[in-house]
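Shown next, in structure tokens, is the structure this report addresses.
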Amino acid sequence: MDNFWFNQSDYEYEVVEPCTYQNNHSVELLVGQYVHSIICILGFVGNSLVIVTYAFYKRTKSMTDVYLLNVAIADLLFVVSLPIIVYNKLSSWSMGPVACKLLHGSYSVNLYSGMLLLACISTDRYIAIVQARRSFRLRSLPRSRLICAIVWTFAFLLSVPTFYFYNWYEPLHTQDVYMYDGHEKNLTTPQFVCEFRFTNNSTAWTTKVAVPSTQLAVGFFLPLLIMTVCYTAIIVKLLSVRNFQRHKAVRVVMAVVVVFVACHLPYNIVLFYDTVIMFQHQMCEASDALQVAKTVTQTIAYLHCCLNPVLYAFVGVKFRNHFRSIIQDLWCLGKRYIAPRRFSRVASEVFVSTRRSVDGSSDNGSSLTM
């Protein structure tokens, strides 16, 4: 047997394993299975009721109605895509590259459109209350539909990097290979992920800073600034009027702003900190703690899609009446299905009378859904 030797200094290298993020994975598993499920169910029910109400019971008669309908559509699309993203995030991504791009891209579009539409609602309420003399000229349905189209287009353009750079691939650190007859053989089942992937470092640096920075600026601080300015002026205007309903409206306005800040501010603070230290060296424990903070605060931000129907729609008396009509009609249809011969005429009469009472109610298209 021939003797052989090698110089160890020629092969010195340091193997650094990626962080396991065990704490974050445990939190994601708990949140993904339970909290996200509750958010998806409540968000789906609430936003579906808003869409059904506008489709069958309440026509869109004002700019606020158009904005509320579009917010409900954005939130509904968000809660529909969320469980699929969470499931594939907790396990290997099994839906292929097309679904990877579409789901994460639509998530980004719905995020931007929903936040910008909330800013549009605050602007519309400002015009209706503070600039009441100009409201009839500025608040028209064609203009509101045009603004919504611009918002959705702008949200899509902001989401182009997400559509482009999100890819379906197998990370190198998950591959366990060996050489056999000069060919590589994989020892493990491929574990695919759906994440950002770049061809060079400069693109990675630019995109990884630009995407969260844009989300912070356009997806949070801009709507927050518009809402703060508009609702502050609205509160000042309402407090100058001695009326019980106006003071009730002030409380509703305050609730809208407080809930918006409470839901989104923690996540955006963590996102800002993560963006600042993104390319700095961190210990695995500190990086794991940061990921846990992002997971928890992001879940709190998701709660806003469940609260939007309550804050913007069901707070209003008229909307609650429409909601009751939906429940009554569903109850009557259920009785008709169970005992059609006995209840068919009664159900029809109740259904028609309910629809008449709802459609005949006065609706002046007020911007305050109180």
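Please count how many residues of segment 43-89 are closer than 22 Å to Leu29 by Cβ and among the charged types (D, E, K, R).
1
For segment 267-283, give me each residue that is among the hydrophobic types (A, V, I, L, M, F, W, C), under 20 Å from Trp205 (Cα atoms) and outside any helix (DSSP H, G or I).
Once the filter is applied, which keeps residues that are among the hydrophobic types (A, V, I, L, M, F, W, C), under 20 Å from Trp205 (Cα atoms) and outside any helix (DSSP H, G or I), segment 267-283 yields Ile277, Met278, Phe279.
If you take the residues of segment 197-225 that are more than 19 Å from the chain's Cα centre (by Cα) and surrounded by 14 or more Cβ atoms within 10 Å (Cβ to Cβ), which of them is farthest from Trp168 (Cα to Cα)?
Applying the filter and picking the extreme gives Val209.
Report yes if Ile38 is part of a helix (DSSP H, G or I), without any contact (Cβ under 8 Å) to a residue 60 or more places away in the chain and over 30 Å from Ser140 (Cβ atoms), otherwise no.
yes
Under 7 Å between Cβ atoms, at least 6 apart or on separate chains: pull out the pairs that start in segment 130-141 with a residue that is under 15 Å from Leu238 (Cβ atoms) and end on any residue that is surrounded by 13 or more Cβ atoms within 10 Å (Cβ to Cβ) and of a type in the set (Lys, Arg).
Val130/Lys237
Considering only segment 192-213, state which residues are free of Cβ contacts under 8 Å to residues at least 60 places away in the same chain and not in a helix (DSSP H, G or I).
Narrowing segment 192-213 to residues free of Cβ contacts under 8 Å to residues at least 60 places away in the same chain: 195-204, 206-207, 210-211.
Hits for segment 192-213 are Glu195, Phe196, Arg197, Phe198, Thr199, Asn200.
Being hydroxyl-bearing (Ser, Thr, Tyr), at pLDDT below 90 and farther than 21 Å from Ser113 by Cα is the filter here; which residues of segment 199-257 pass it? Please lay out each step first, then the result.
The first filter runs over segment 199-257 and keeps only residues hydroxyl-bearing (Ser, Thr, Tyr), leaving 199, 202-203, 206-207, 213-214, 228, 231-232, 240.
Remaining after also requiring at pLDDT below 90: 199, 202-203, 206-207, 240.
Thr199, Ser202, Thr203, Thr206, Ser240, listed by residue number.
Among the listed residues Ser113, Ser62, identify the single one that is within 25 Å of Arg145 (Cα to Cα), modelled with pLDDT under 90 and not basic (Lys, Arg). Break it down into steps so the answer makes sense when it comes.
Values: Ser113 fails: modelled with pLDDT under 90.
Unique residue meeting the criteria: Ser62.
In this structure, is Phe319 crowded, with 18+ Cβ neighbours inside 10 Å, of a type outside the set (Lys, Arg), in contact with a helix residue (DSSP H, G or I) (Cβ under 6 Å, 6 or more places away or on another chain) and at pLDDT below 85?
yes
Can you name the residue in segment 97-136 that is of a type in the set (Gly, Ala, Ser) and surrounded by fewer than 22 Cβ atoms within 10 Å (Cβ to Cβ) and is also nearest to the chain's Cα centre (by Cα) among such residues?
The initial filter retains those residues of segment 97-136 that are of a type in the set (Gly, Ala, Ser), namely 99, 105-106, 108, 113-114, 119, 122, 128, 132, 135.
Okay, now just the ones that are also surrounded by fewer than 22 Cβ atoms within 10 Å (Cβ to Cβ), so 99, 105-106, 119, 132, 135.
Details: Ala99: 18, Gly105: 12, Ser106: 10, Ala119: 15, Ala132: 32, Ser135: 30 Å.
The selected residue is Ser106.
Working carefully through the options Ser113, Ser92, find the one that is closer than 24 Å to His36 by Cα and either outside the structural domain of Ala210 (by TED's automatic domain parsing) or not in a helix (DSSP H, G or I) (or both). Lay out the reasoning, then the answer.
On the way: Ser113 fails: either outside the structural domain of Ala210 (by TED's automatic domain parsing) or not in a helix (DSSP H, G or I) (or both).
Going through Ser113, Ser92 in turn, just one is closer than 24 Å to His36 by Cα and either outside the structural domain of Ala210 (by TED's automatic domain parsing) or not in a helix (DSSP H, G or I) (or both): Ser92.
What do you reckon, is Ile39 at pLDDT 75 or above, surrounded by fewer than 20 Cβ atoms within 10 Å (Cβ to Cβ) and outside the structural domain of Ser325 (by TED's automatic domain parsing)? Steps first, answer last, please.
On the way: at pLDDT 75 or above: yes; surrounded by fewer than 20 Cβ atoms within 10 Å (Cβ to Cβ): no; outside the structural domain of Ser325 (by TED's automatic domain parsing): yes.
Considered against the rule, which asks whether it is at pLDDT 75 or above, surrounded by fewer than 20 Cβ atoms within 10 Å (Cβ to Cβ) and outside the structural domain of Ser325 (by TED's automatic domain parsing), Ile39 comes out as no.
Within segment 55-81, restricting attention to residues that are more than 21 Å from the chain's Cα centre (by Cα) and part of a helix (DSSP H, G or I), which residue is nearest to Ser325 (Cα to Cα)?
Among residues in segment 55-81 that are more than 21 Å from the chain's Cα centre (by Cα) and part of a helix (DSSP H, G or I), the one nearest to Ser325 (Cα to Cα) is Phe56.
Check Thr153, Thr162 and return the single one that is within 18 Å of Asn70 (Cα to Cα) and at pLDDT 85 or above.
Of Thr153, Thr162, the one residue that is within 18 Å of Asn70 (Cα to Cα) and at pLDDT 85 or above is Thr153.
Please work out if His264 is part of a helix (DSSP H, G or I), modelled with pLDDT of 90 or more and within 17 Å of Leu311 (Cα to Cα).
yes
Which condition breaks for Leu118 when tested against (1) modelled with pLDDT of 90 or more; (2) more than 23 Å from Leu225 (Cβ to Cβ)?
(2)
The values are calculated or read from the model by the stated rules, or taken from the named source; none is laboratory data. The structure displayed is predicted, hence computed values, not measured ones. FYI the Cβ positions are ideal-geometry reconstructions off the backbone, even for glycines, and counts take in every protein chain you see.
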